[in-house]
Amino acid sequence: MAATDLQATVTHDAEGTLVQLSGIIDESAGDALQAVQGQVTGALRLNVGGVRSVNSFGVGQLMRFLEQTSRAHRVTFEDCSETFVDLFQMMGLSAYGKITSFYASYSCDTCPIRESRRIVVSRHLRLDPRTNSVEAASFPCSCGGTLLQDDALDFAADYL
Ligand SMILES: [Zn+2]
């Protein structure tokens, strides 16, 4: 096994710093995250689309990183998997930053297709002002039916 199972790719642009994490966040992630921390300038966009799993030690490492980084930088989370969204809510990661895009499960109203769709908060979600609930865009299915969002997205209300 490699010394660390987490890869971090850091790029800088006009908006700040994009960090793409991929692999596994576990007890060995601390060094990689610490190396990232020194390279953050401006706002941090943390793309977690390539993260396959996070164990309980990894959560600790991630929270330590976010705790320190969010003091000096605005943090947003991109491409959160359904698992990461669960983790995000369970661990209260919203204290450190907002989710800007994530994956949610959709089912077709006509055929048995079920799939994960990437949701961009600013583009695909809106808040129903009457019920105060979060409504997600639907997508066309290849069968001609409509893909409708399955899960409760109330967690996203804070980001709208
Ligand atoms: Zn369909």
The helix 56-72 Cα axis meets the longest alpha-carbon principal axis of the chain at an angle in degrees, between 0 and 90 and rounded to 10, of 80 degrees
At 10 °C and 1.306 mPa s, the Stokes-Einstein diffusion coefficient in µm²/s for region 67-160, with hydrodynamic radius from the Kirkwood sum on alpha carbon pairs, is 111 µm²/s
Cα-Cα P(r), the chain, percent of pairs per 10 Å interval
10, 37, 31, 17, 5, 0
Which ³J(HN,Hα) values in Hz, rounded to whole numbers, follow from the phi angles of region 10-23 under the Karplus curve 6.51 cos²θ - 1.76 cosθ + 1.60, where θ = phi - 60° and Gly and Pro get x?
10, 10, 10, 9, 4, 7, x, 10, 9, 10, 9, 9, 9, x
Most exposed first, judged by fewest Cβ atoms within 10 angstrom, Cys143, Cys108, Cys80 run Cys143, Cys108, Cys80
In percent, what relative contact order does the chain have, based on Cα pairs under 8 Å that are 6 or more apart in sequence?
15 percent
Once you treat every alpha carbon in region 28-116 as an equal point and sum by Debye, what is log10 I(q)/I(0) at q = 0.11, 0.12, 0.16, 0.19 Å⁻¹?
-0.34, -0.40, -0.65, -0.87
Those trypsin sites (Lys or Arg not before Pro) from region 56-101 that are DSSP loop and have at most 16 other Cβ neighbours within 10 Å turn out to be Arg74
Among DSSP bridges having both ends in the chain, what percentage is antiparallel? Round to the nearest 5.
60 percent
For the chain, any Cys whose C-beta has no other cysteine C-beta under 4.7 angstrom counts as unpaired, and these are Cys80
What does the helix-only formula give at 222 nm for the chain: each DSSP H stretch with n ≥ 4 adding -39500 (n - 2.57), the total divided by the residues, and the result rounded to the nearest 500 deg cm²/dmol?
-7000 deg cm²/dmol
Could you please rank His124, His73, placing first whichever residue has the fewest other Cβ atoms within 10 Å of its Cβ?
His73, His124
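Taken together, the values in this text are just the output of simple stated rules run on the coordinates, not laboratory data. Not measured: the values here are computed from a predicted model. Glycine also receives a Cβ, built like all others from the backbone with ideal geometry; neighbour counts cover every protein chain displayed.
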